[in-house]
Amino acid sequence: MSSLFCCPLCAAPLEVQEGRYVCPSGHSFDRAAAGYVHLLPANRKHSKNPGDDKEMVAARSAFLDQGHYAPLLEALSQAVTESVSHLPRPVLLDSGCGEGYYTQGLFRALEASGHQPRAAGVDLSKFALRRAAKRLPEGEFAVASVYHLPVGDESVDVLTNVFSPLAVEEFARVLRPGGLFVYVVPSALHLWEMKEVLYPQPYENPVKREDYPGFAWQEARPVRYTLSLTDSADIMALFHMTPYAWKTPKEGIARLEALPALDCQIGFDLHLYRKL
Ligand SMILES: [Zn+2]
């Protein structure tokens, strides 16, 4: 069976044969029992276990499975299914897919709208990819860098980037002309009430639209709602999904941990770009 991935050593297409990914030059990569493949060359590995750790991934999965970010997934699904309405077998690449909540949701939405999608996800965390492969057995998942995506030139119809590093040149390389790039960014007041607890003087998120070489910006679709969390574990799971988890003084974290409940504004903008 042909794979969506290509060889990280020679860039030739990979075939899946008996649980291994092989290229015509004989390079071979084992698929882990958990369903993902390691395509990150040793010289691009920056630490022994890069990416999110097991506990962070588990907390994030549990949080997402409660549907707290379902409105974002719905907006993503809408944008993606509209963009491939003319394609029977669209190829989706989720760059920085994490534990696969959005990859799975988008795949199922495409199926529900009558497509036979193919989906691949790339992330640095093997713990996240274990869950992603379990969520979506039909998908292909690889440990790889989003700055060196292991997929061929112009081989992807839709590329999604939900809270992960922006590698615009790579995204332009792998998307076919006319393909869709969906870039999810936080709104000015996203998580405002949480920031009011964490910081004496919170700041709004900077918001500006960027133009990227190789892409035409089409529109921004806003997603806004209030999330009511009534469980400290959920509040802390949300906190650990944010960049604030690395830069908040411990007094701020202690104030958040003491909260039994939190009503918080959620705001995202889906920026839709068309590959030129
Ligand atoms: Zn090769």
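The values are calculated or read from the model by the stated rules, or taken from the named source; none is laboratory data. Note that the structure is a prediction, hence the values are computed from the model and not measured. All Cβ positions, glycine included, derive from the backbone under ideal geometry; neighbour counts span all protein chains shown.
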Those residues that are among the acidic types (D, E) and not in a loop (DSSP other than H, G, I, E, B), I need them from region 132-160; list them, please.
E140, D157
Check off (1) more than 20 Å from L64 (Cβ to Cβ); (2) among the aromatic types (F, W, Y); (3) in contact with a Pro (Cβ under 6 Å, 6 or more places away or on another chain) for F107 and give me the number that stays unchecked.
(1)
From T230, T226, grab the single residue that is modelled with pLDDT of 95 or more, within 24 Å of D65 (Cβ to Cβ), over 23 Å from the mean Cα position of the chain (by Cα) and of a type in the set (V, I, T).
T230
So, D94, is that one under 30 Å from T226 (Cα atoms), in a loop (DSSP other than H, G, I, E, B) and among the acidic types (D, E) or not?
no
Exactly one of L87, L72, L129 is assigned to a helix (DSSP H, G or I), hydrophobic (A, V, I, L, M, F, W, C) and within 22 Å of E219 (Cβ to Cβ), and that one is L72
Being surrounded by 15 or more Cβ atoms within 10 Å (Cβ to Cβ) and away from the ligand (no atom under 13 Å from the Cβ) is the filter here, so list the residues in region 6-36 that pass it.
V16, R31, A32, G35, Y36
Look through Y225, Y212 and report the one residue that is closer than 20 Å to R60 by Cβ and surrounded by 11 or more Cβ atoms within 10 Å (Cβ to Cβ).
Y225
State yes or no: is S77 modelled with pLDDT under 95, out of contact with any strand residue (DSSP E or B) (no Cβ under 8 Å at 6 or more places or on another chain) and closer than 20 Å to V156 by Cα?
no
Across region 167-186, what is the number of residues that are assigned to a strand (DSSP E or B) and surrounded by fewer than 21 Cβ atoms within 10 Å (Cβ to Cβ)?
5
Across region 228-240, the tally of residues that are exposed (fewer than 15 other Cβ atoms within 10 Å of the Cβ), of a type outside the set (D, E, K, R) and out of contact with any Cys (no Cβ under 9 Å at 6 or more places or on another chain) stands at 2
Any hit, region 45-55, residues being more than 30 Å from M236 (Cβ to Cβ), surrounded by fewer than 19 Cβ atoms within 10 Å (Cβ to Cβ) and either within 16 Å of the ligand (Cβ to nearest atom) or of a type outside the set (D, E, K, R) (or both)
no
Please enumerate the residues belonging to region 241-276 that are surrounded by 13 or more Cβ atoms within 10 Å (Cβ to Cβ), assigned to a loop (DSSP other than H, G, I, E, B) and of a type outside the set (A, V, I, L, M).
T242, T248
